[in-house]
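Colleague: Pasting a structure below so you can have a look.
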Amino acid sequence: MSDQRTALLDVNNFFASCERVFDPKLEGRPVVVLSNNDGCVVARSAEAKALGVTMGAPWFSLAPMAEKFGIVARSSNYELYGDLSSRVMEIAGRFTSHLEVYSIDEAFLHLSGTPAQNSALAAELRATIRRHTGLPVCVGIAQSKTLAKLANHGAKKSPYMNGVCNLDDFTPERVNAVMESMPVTELWGVAGRTRKRLTNLGVLTIRDLRDSDPEFIRKRFSVVLQRTVHELRGIDCISIDSMREIKGQIIYSRSFSTPVTTRAEMEQVLAVYAARVSKRLRKQGYVAGALTCYAATSRFANAENHAPFVAVRFDDSTDDPIQIAAACSQALLGRVVDGNKYVRAGIMLHEISRAKPSEFLEIFTPVSELRQVGRALDTVTDRFGASSIGLGVAGLKSARRWEMKRELLSPRATTHWDELATVFAR
Amino acid sequence: MAVVVDIAKVLSPFDDAAGILVSPVGVAAGFPSPAQDYFDGRIDLNAHLIRDITSTFIVRVAGDSMRDAGISDGDEVIVDRSIEPRDGVVVVAVVDGELTLKRLSVLRDRVVLRAENPRYPDIVVASLSELTIWGVVTRCLHRV
């Protein structure tokens, strides 16, 4: 058996924790982060979760509860989250021969020490990230990515573990007990019909799935689920990309046939990937409010690992490939080092919502009022011509967002000079 | 025989336009300048003012309680969170949920967060563990 181990590093309640870095008053208080487009909850602090605040809940529906429990809401501050994320990833890169950034707040690290060394390294990694960035993280260590995810789950749920859970420290009986206590739906990508069919076959827990015949699972389900069975048995066989796709994200990520070594080439790559990812978006009738974009050097390269990772929020949700490409280039190219051999890049879209051209008017304006506006428009165009007046949706939209920003958006304290955080000398 | 090249000629804009790398020093032909090899760009403030970019943050000062430490209202300070707080350094500490600028004084029996302005009181605690030190200030950027 190989001594290679995989660690999953995961920032606890990432967005909410980022909000606390420059605003320590939020420590211990329930914090929710809202999407900028529709004011729905996209992230929650542990305290907000404990209060029963659900993902996707519209902020206005939480108003009575918010007042009672002092829930603090913030708009998504992607500039801040993106910068803090890249700091976390850069620190993590110093602790491993190979870092695979999985999402804005998760990364896999390859470890090759003894179990005790790996645990010690993970504890030091955790303390370093906490001290250097202010962010709390948990680390799960195991033989495969799927098992590392389970271990990470354990590290989060059991405070006595101090944020590090190494499955190598578990007896086989204890691993069995943990897997028995978790339903298969805790696994990435097992839900809906798959769950129902597994239930019919008597596969209810993660242990049941691990102990199923991999060939049988492949025939009845898919090769993807078969790999999950192998992963649960300790064989690392799922690539990070297929993992992302399992999770149902809209993403386009590929390895290059030959390494990309210049910014100019990377810009071309991003343009192509932007076109492809936006096509997926349009095909499903969605628009995206934000994206993350990354590039990575080879794990086998002798040079230092380099995996720049950036996040961008759009002023208006979009499915426009030009806008997506421009955002990726603007954010990522500055971090691409000419001469490094990049072997892959990817674009992931977030804050996905249904494309609705007049969403703002529909949500916030009573129908009767809309009709009056329409009538007024008709009157004007009848008298002065069709192009004399139009719906100023863009203007209305930005006005509303500006209002919201002023109220709920924390300063972009690490990326904008005029929004630096304040330290008090008084 | 060493021929001294006219420095004005070396630095002439025509040379630059022709794509010749201009060295910051006059060059004596036949006697290579040891500095020449090391000229690879202008001074990079990030390189000199920031030790570890991943743990460094810039924050803006509000108030005059650190006046006598040379830190004024409106200045920006560079904070390195990777530096271990020691006696005598200026720190950003969390006081009542706010990021607060103080001089850290570690004494035998107590720890004091001092203002550098007599108009402001000290904050005294029993030990460092009772404080949340956010980071250590390394530089102050003051507009003159």
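Colleague: Along the stretch B:101-117, what does the Karplus equation 6.51 cos²θ - 1.76 cosθ + 1.60 (θ = phi - 60°) give for ³J(HN,Hα), rounded to whole Hz, x for Gly and Pro?
Modeller: 8, 8, 8, 8, 10, 9, 9, 5, 10, 6, 10, 10, 9, 9, 7, 10, 6
Colleague: Any chance you could tell me what percent of the C-alpha pair distances in the stretch A:1-170 go past 26 Å?
Modeller: Result for the distance tail: 32 percent.
Colleague: Separate question: Would you mind checking A:Lys49/A:Lys149; A:Lys68/A:Lys157; A:Lys25/A:Lys156; A:Lys25/B:Lys102; A:Lys196/A:Lys219 for any pair whose Cα atoms are more than 25 angstrom apart?
Modeller: Values: A:Lys49/A:Lys149 20 Å; A:Lys68/A:Lys157 27 Å; A:Lys25/A:Lys156 23 Å; A:Lys25/B:Lys102 18 Å; A:Lys196/A:Lys219 16 Å.
Violating the 25 Å limit, Cα to Cα: A:Lys68/A:Lys157.
Colleague: List, in order, the whole-Hz ³J(HN,Hα) value for each residue of the stretch B:55-61 obtained from phi through the Karplus relation with A = 6.51, B = -1.76, C = 1.60 and θ = phi - 60°; use x for Gly and Pro.
Modeller: Karplus values, whole Hz, x for Gly and Pro: 10, 9, 10, 10, 10, 9, 8.
Colleague: Using only alpha carbons, build the gyration tensor for the stretch A:171-248 and give me the equivalent ellipsoid semi-axes, biggest first, whole Å.
Modeller: On the way: eigenvalues 64, 47, 31 Å².
Semi-axes, largest first: 18, 15, 12 Å.
Colleague: State the Cα centre-to-centre distance between the stretch A:32-97 and the stretch B:72-87 in whole Å.
Modeller: What the calculation gives is 28 Å, centre to centre.
Colleague: While we're looking at this one, here's another question. Output ³J(HN,Hα) for the stretch A:292-298: one whole-Hz value per residue in order, computed from phi by the Karplus curve 6.51 cos²θ - 1.76 cosθ + 1.60 with θ = phi - 60°, and x for Gly and Pro.
Modeller: After applying 6.51 cos²θ - 1.76 cosθ + 1.60, I find 10, 9, 8, 9, 8, 7, 5 Hz.
No value in this document is a laboratory result; all are computed from the given coordinates. Note that the coordinates shown come from a computational prediction; the quantities given were computed from them, not determined experimentally.
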